[in-house]
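The values are calculated or read from the model by the stated rules, or taken from the named source; none is laboratory data. From a predicted model like this one, the values you see are computed outputs, not experimental measurements. Cβ placement follows ideal geometry from the backbone for every residue including glycine, while neighbour counts extend to all protein chains displayed.
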Amino acid sequence: MTLSIYPLPGIPEVAAGDDLPALLLAALGRAGLTPQPGDVLVVTHKIVSKAEGAVVALTGDEERAYRELVLDQAVEVLRRRGDLVIARTKHGFICANAGVDRSNAAPGTAVLLPLDPDRSAHGIRMALRAATGVDLAVIISDTFGRPWRRGLTDVAIGVSGMLPILDLKGTFDAAGRELHVTEVAVVDEIAAAADLVMGKAAAVPAALVRGVEIPKGEGRAADMVRPVPMRERAWMDFSHSSKISLWHFLHAETSYIFASSSTVFAFSAAVTVKGTARKNTKRHILKAFIRWSSCWFLP
């Protein structure tokens, strides 16, 4: 396989309502590229979001407005470190600051993730197919970190015209062993490869990838998001005050809990001993804790 990646420079600053497929088609023409079957067009989410109007003005205290916007876009805050927030977005992505970005944005504004990146990718693909007669695959990319690894890389947050995963289960490796769990995130690999020619500050928001063998089919990037485990969903059901209460009760009665034969009953005793919550609050916390703790025994 010979892989070629072509940057598409010269795309002007995108604003809400702009015809993004037309801008991309013009960029292909300037680069001397004629779309071919099997090509993959990778587009950064930033110009997609701008074209869709997903840009928010940060009024008043800009830093405070930015932090509030991050929390508004987050379904759950997982970690904090200074100004950095690791959050789960409404799409199910785990990323920094819930995908709210001020880089390559006008002063005093922040760019959100597209509302439905898969739908955005499909719209671009259909418009380009109507204009060229060629059915390109389209990937919308964003930059994410990786757990326990330094550095950033681009991943696919939207896709149309190909399957996002190359499923190798049931095939055999070079030694003849059958593969049972191997699934290759091809769309993420293509997005990362395209970023090599786009960069972060070169004003090149799109690239054409040619020569890659893509898994044929109609897939979505949303299919790559792992479902939230049941124990995490139960924990997310806790109110913020209940989580704080649970933390204080468990830490205040640590010796009693470890001396007890049941964490659940010890938690109940801790709530009773502390006597700082009303009866209905204690009942709510206990029910939520039992539901959450019982999930640890589920597959």
Condition first: without any contact (Cβ under 8 Å) to a residue 60 or more places away in the chain and within 17 Å of the chain's Cα centre (by Cα). Now tell me which residues in the range 196-225 satisfy that. Asp223
Of the residues in the range 155-173, those that are assigned to a strand (DSSP E or B) and at pLDDT 95 or above number 6
Just need a number here: residues in the range 78-87 that are touching a helix residue (DSSP H, G or I) at 6+ places or on another chain (Cβ under 9 Å) and either loosely packed, with under 13 Cβ neighbours inside 10 Å or more than 18 Å from Ala110 (Cβ to Cβ) (or both). 2
Being surrounded by fewer than 21 Cβ atoms within 10 Å (Cβ to Cβ) and under 16 Å from Leu20 (Cα atoms) is the filter here; which residues of the range 88-114 pass it? none
Suppose the filter is crowded, with 16+ Cβ neighbours inside 10 Å and in contact with a Ser or Thr (Cβ under 9 Å, 6 or more places away or on another chain); does Val75 pass it? no
Here are Leu128, Leu115: which of them is part of a loop (DSSP other than H, G, I, E, B) and either β-branched (Val, Ile, Thr) or within 24 Å of Val40 (Cα to Cα) (or both)? Leu115
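Condition check ((1) under 25 Å from the mean Cα position of the chain (by Cα); (2) among the aromatic types (Phe, Trp, Tyr); (3) within 27 Å of Glu218 (Cβ to Cβ)) across all residues:
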position	(1), (2), (3)
Ala27	no, no, yes
Ile47	yes, no, yes
Lys50	yes, no, yes
Leu58	yes, no, no
Tyr66	yes, yes, no
Can you spot a residue in the range 36-46 that is among the small types (Gly, Ala, Ser) and in a strand (DSSP E or B)? no
Among the candidates Ala65, Ala87, Ala98, Ala106, single out the residue that is assigned to a strand (DSSP E or B) and without any contact (Cβ under 8 Å) to a residue 60 or more places away in the chain. Ala87
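Residue-by-condition table, conditions (1) farther than 24 Å from Asp188 by Cα; (2) at pLDDT below 95:
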position: Arg81; (1), (2): yes, yes
position: Ile86; (1), (2): no, yes
position: Lys90; (1), (2): no, yes
position: Ile94; (1), (2): no, yes
position: Asn97; (1), (2): no, yes
position: Asp101; (1), (2): no, yes
position: Asn104; (1), (2): no, yes
position: Pro107; (1), (2): yes, yes
position: Val111; (1), (2): no, no
